[in-house]
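**Q** Pasting a structure here, questions to come.
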Amino acid sequence: MSKWYADAVEIIFPLVLIIASSSCRRDSIEVRQVPKETASPMAMPPDGSMPSGMIDAPPPASGVSWTAPAGWKEEPGNGIRLATFVPPQDPGKSEATVVALPGEAGGELANVNRWRGQIGLAPIDAVVLTAARQGVKSRLGTVVVYDFTGEGTNRSRIVAGLIQVGGTTWYFKLMGDEKAVGKNKAAFIKLLEGLQKDAS
Amino acid sequence: MRPNTPWRRLVAALSSMRLTLVCLGLMMALTVICTLAQVPLGTHVAVDRTIRTFLVWWQPEGSSLQIPVFPGGGMVGALLFINLSLAQFMKLEWSRRKFGLWVSHLGLALLFVGEFSTAFFQVESHMPIEIGQTRDYTEDYRRLELAVVDTTDSERDALTSIPESIVKAGGEIAHPSLPFMLRVKRYHENSQFHMRGPTDPPSEATLGVGASLHMHPEPPVSGEGEQNAASALVEAVAPDGRSLGILWLSNALGAPQGFITEGRTFSLSLRARRYYLPFSLTLKEFHHDKYAGTNIPKNFSSLVRLSDAGRGENRDALISMNNPLRYGGKAFYQASFGKNDTLSVFQVIQNPGWLIPYLSCILVSLGMLIHFGLKLAGAMGGSK
C-alpha cells in the first residue's frame with residue numbers, strides 16, 4: 001500500500017466514525033403557525049382498523065331549537081358540538097357553543113368543575129355549587145346557569161347554562177375575554193330564554 | 001511503507017477476509033432473529049430492534065435493565081462497509097484489468113450507504129383525505145406528539161409540537177411559546193379508557209373529558225394491525241405556580257381538550273405526529289374499480305389537485321397503485337381507502353436516498369459486465 005493511501009485511510013477512518021456518531025436524530029420542540037383546523041377524517045392506521053381503546057362519540061341529539069341573537073354568527077357543529085355562535089369580537093373575543101350529551105354526562109358538579117378548570121379556576125364542592133347556581137326561565141323549563149370569572153391579568157369568563165330534555169342534557173356555554181362575555185351575556189341569556197321544542 | 005503502528009494493525013484487521021465472513025455470518029443470523037421476532041413484535045418493531053439499531057438489547061422481564069446481547073444490523077452493516085472499502089483500497093489492484101471489479105464494489109458500497117440513508121433519514125407517514133378536502137400535512141401513526149395549539153387568533157393557530165420522546169421522559173416541559181409549564185405526571189404507552197362508574201376511584205384529571213373517565217394501563221402492543229392508545233396525565237401550571245388543570249391526554253380521545261389562560265385559548269391533544277408540507281393536496285376524485293361482475297378490486301386511484309404557491313405549481317395529478325406522485329422530495333402512494341370510497345389514504349415516503357439502490361444495482365451490473373466482458377475478450381484474444 002503506498003504512503004498516500006495509508007495517510008488517507010488514517011485520516012478518513014476517524015472522520016467517518018465522528019460523522020456516523022454525530023448523525024443521530026434528536027427530537028426537539030417545534031413551533032409553527034398552521035391554518036385553522038377543519039373537520040378532518042378520523043385518523044386511522046393504513047390497514048383501516050381503529051385504535052384500541054377508542055371511545056364512541058354519542059349519537060347526535062335533537063329536540064331543542066333556539067334563535068341566535070342579532071349580530072351573532074351561527075356556524076355548523078363540529079364533532080360533539082351541535083352549534084357554535086360567534087358574537088361581535090369587540091371589546092374582545094368570545095364564543096358560544098351548544099353540546100348535548102346523553103344522561104347526566106358525569107353530573108352537574110363534575111361539569112361545572114370542568115368549566116371552571118377551562119378558565120383556570122379550582123374545583124368547588126356541592127355547597128358552593130348550590131350558592132353559585134342561578135336559573136333562567138325558558139319554554140322548556142328552568143335553565144340552570146353558572147357564571148364564573150377567572151384569575152390573572154387578562155381574565156376569562158364563562159357563562160354556562162344546562163337543561164335536561166328527555167334523557168339528554170343540553171349545555172350552552174359562552175366563554176371568552178371577561179369584557180366580551182360581560183357585553184354579550186344579556187344576549188346569551190335571551191338565547192336561553194328562547195329555547196323551545198324543536199318541531200322537526 | 002510506514003512502521004507497524006496500532007492504527008495500521010487496526011486497519012489490517014478491519015480489512016481482513018475473516019471480518020468479512022464474520023459479518024456475513026452475523027447478517028444471516030440477524031435475518032433469522034428478525035424474522036422470528038416479527039411474530040410477537042410485528043414487522044416495524046422487529047426491524048427497528050434488530051436491523052436498524054447498532055445493538056440488539058434484551059430487557060429481562062420485570063426489570064428496567066437493558067442488556068446488549070447481539071450486534072445490530074447497523075453495527076454489522078457499518079463494519080462490513082468499512083471492511084469492504086478498506087479491502088478495496090488496500091488489496092484490489094488499481095488497473096484497467098480490474099476496472100469492472102472496482103465499479104461493482106463501488107455499487108456494493110452504495111447499497112450499504114443507501115440502507116443507512118433509509119434507516120436514518122427515511123420518514124414514513126400517511127395522509128387520510130376525504131373527497132373535497134385539502135390537506136397540507138401528513139401523520140406518523142408510529143410516533144406521537146403532544147400538540148399544544150393556541151387557537152386565540154381567528155385566522156391561524158400557533159402550534160407547539162412536543163415530541164413523544166420528551167413527554168415519555170416525564171418531568172416539566174417549558175417553552176417560550178407557552179405562558180405555562182406542563183408537568184407530565186404519568187405516561188402509559190398503552191391504556192384503556194372507560195366512563196367512570198360509581199365504584200371507580202376519583203379521576204386524577206380535573207379538566208376536560210378525562211375528569212369523567214377511568215384509565216386502565218395496558219401492556220404495549222406492536223403486532224400487525226394493532227395500535228397503542230398512549231395516555232399522558234399532564235398538569236398545566238401558571239408562572240405563579242397556580243395549577244390551571246390536570247388533563248388525561250390520549251390518542252384514543254378524539255377531540256382536543258383545553259383551557260383559557262391570560263386571555264389566550266389553548267387546546268391540548270396527544271395525537272399522531274404531523275409533518276407539515278410546503279404545499280397542499282386536494283382530493284378531487286377517488287376510484288375503486290372492480291372486475292366486471294365481481295367484487296374483486298382491479299384498481300384504486302385518486303385524482304388530486306397539487307397546489308404549491310411557493311413554486312407556482314397548481315395542477316392535477318393521478319395517484320394509483322404502483323404509480324405514486326413524487327413531489328417536494330416525497331412520494332405519495334395509494335395505500336388504503338374507506339368511508340364508502342369517499343376517503344383515500346396515501347402512504348407518504350420521504351427518503352433523500354431513494355435513488356441510491358437503483359444506482360447501486362446499475363453499478364454492480366455494469367461492473368460485472370465490464371469485468372466478464374474483459375475476461376471474455378482476453379480469452380477470445382488468447383485463443384486466436
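**Q** Whether any residue in the range A:62-82 is surrounded by 15 or more Cβ atoms within 10 Å (Cβ to Cβ), within 12 Å of another protein chain (Cβ to nearest Cβ), modelled with pLDDT of 50 or more and not in a strand (DSSP E or B) is what I want to check.
**A** Yes, the range A:62-82 has at least one match.
**Q** Would you confirm whether or not the range B:318-341 contains a residue that is in a strand (DSSP E or B), out of contact with any strand residue (DSSP E or B) (no Cβ under 6 Å at 6 or more places or on another chain), polar (S, T, N, Q) and modelled with pLDDT of 85 or more? Working first, answer last.
**A** From the range B:318-341, those in a strand (DSSP E or B) are B:318-320, B:323, B:325-327, B:330-338; that's our starting set.
Next, from what is left, pick out any that are out of contact with any strand residue (DSSP E or B) (no Cβ under 6 Å at 6 or more places or on another chain): B:323, B:326-327, B:338.
Keeping just the survivors that are polar (S, T, N, Q) gives B:323.
Those left that are additionally modelled with pLDDT of 85 or more: B:323.
Checked the range B:318-341: at least one residue is in a strand (DSSP E or B), out of contact with any strand residue (DSSP E or B) (no Cβ under 6 Å at 6 or more places or on another chain), polar (S, T, N, Q) and modelled with pLDDT of 85 or more.
**Q** Filter the range B:162-180 down to the residues that are among the small types (Gly, Ala, Ser) and more than 9 Å from every other protein chain (Cβ to nearest Cβ), then identify the one that is surrounded by the fewest Cβ atoms within 10 Å (Cβ to Cβ). Can you show your working first?
**A** Of the range B:162-180, the ones among the small types (Gly, Ala, Ser) are B:165, B:169-171, B:174, B:177.
Remaining after also requiring more than 9 Å from every other protein chain (Cβ to nearest Cβ): B:169-171, B:174.
On the way: B:169: 12, B:170: 13, B:171: 10, B:174: 13.
Among residues in the range B:162-180 that are among the small types (Gly, Ala, Ser) and more than 9 Å from every other protein chain (Cβ to nearest Cβ), the one surrounded by the fewest Cβ atoms within 10 Å (Cβ to Cβ) is B:171.
**Q** Hey, among the residues in the range B:50-92 that are small (Gly, Ala, Ser) and assigned to a loop (DSSP other than H, G, I, E, B), which one's nearest to residue B:10 (Cα to Cα)?
**A** Restricting attention to the range B:50-92, the residues satisfying the condition of being small (Gly, Ala, Ser) are B:62-64, B:72-74, B:77-78, B:85, B:87.
Narrowing further to those that are assigned to a loop (DSSP other than H, G, I, E, B): B:62-64, B:72.
Numbers: B:62: 40, B:63: 38, B:64: 36, B:72: 21 Å.
The selected residue is B:72.
**Q** Also, quick follow-up: Considering only residues that are touching a strand residue (DSSP E or B) at 6+ places or on another chain (Cβ under 7 Å) and over 17 Å from residue B:252 (Cβ atoms), look in the range B:198-210 and name the one that is surrounded by the fewest Cβ atoms within 10 Å (Cβ to Cβ). Give the steps one after another, and end with the answer.
**A** Of all residues in the range B:198-210, those touching a strand residue (DSSP E or B) at 6+ places or on another chain (Cβ under 7 Å) come to B:200, B:203-210.
Among the residues that remain, those that are also over 17 Å from residue B:252 (Cβ atoms) are: B:200, B:206-207.
Working: B:200: 13, B:206: 21, B:207: 27.
So, considering only residues that are touching a strand residue (DSSP E or B) at 6+ places or on another chain (Cβ under 7 Å) and over 17 Å from residue B:252 (Cβ atoms), the one surrounded by the fewest Cβ atoms within 10 Å (Cβ to Cβ) is B:200.
**Q** Restricting to the range B:199-215, count the residues that are farther than 23 Å from residue B:166 by Cα, outside any strand (DSSP E or B) and more than 11 Å from chain A (Cβ to nearest Cβ).
**A** 3
**Q** Given the criterion closer than 22 Å to residue B:141 by Cα and either within 11 Å of chain A (Cβ to nearest Cβ) or touching a His at 6+ places or on another chain (Cβ under 8 Å) (or both), identify the matching residue among B:329, B:338.
**A** Working: B:329 fails: either within 11 Å of chain A (Cβ to nearest Cβ) or touching a His at 6+ places or on another chain (Cβ under 8 Å) (or both).
Going through B:329, B:338 in turn, the sole match is B:338.
**Q** Let me ask you something else. Name every residue in the range B:138-161 that is facing chain A (nearest Cβ under 7 Å) and hydrophobic (A, V, I, L, M, F, W, C), in order of residue number.
**A** Those that are facing chain A (nearest Cβ under 7 Å) and hydrophobic (A, V, I, L, M, F, W, C): B:158, B:159.
**Q** Of these, B:223, B:254, which one is over 21 Å from residue B:171 (Cβ atoms), surrounded by fewer than 22 Cβ atoms within 10 Å (Cβ to Cβ) and either at pLDDT 90 or above or touching a Leu at 6+ places or on another chain (Cβ under 9 Å) (or both)?
**A** Numbers: B:254 fails: either at pLDDT 90 or above or touching a Leu at 6+ places or on another chain (Cβ under 9 Å) (or both).
Result of the check over B:223, B:254: B:223.
**Q** Given (1) touching a residue at least 40 places away in the same chain (Cβ under 8 Å); (2) surrounded by 19 or more Cβ atoms within 10 Å (Cβ to Cβ), identify the lone condition not met by residue B:85.
**A** For residue B:85, the exception is condition (1).
The values are calculated or read from the model by the stated rules, or taken from the named source; none is laboratory data. Predicted model, so just to flag it, every value in this text is computed and none were measured. When we count neighbours, we look across all protein chains shown, and the Cβ atoms used for this are built from the backbone with ideal geometry, even at glycine.
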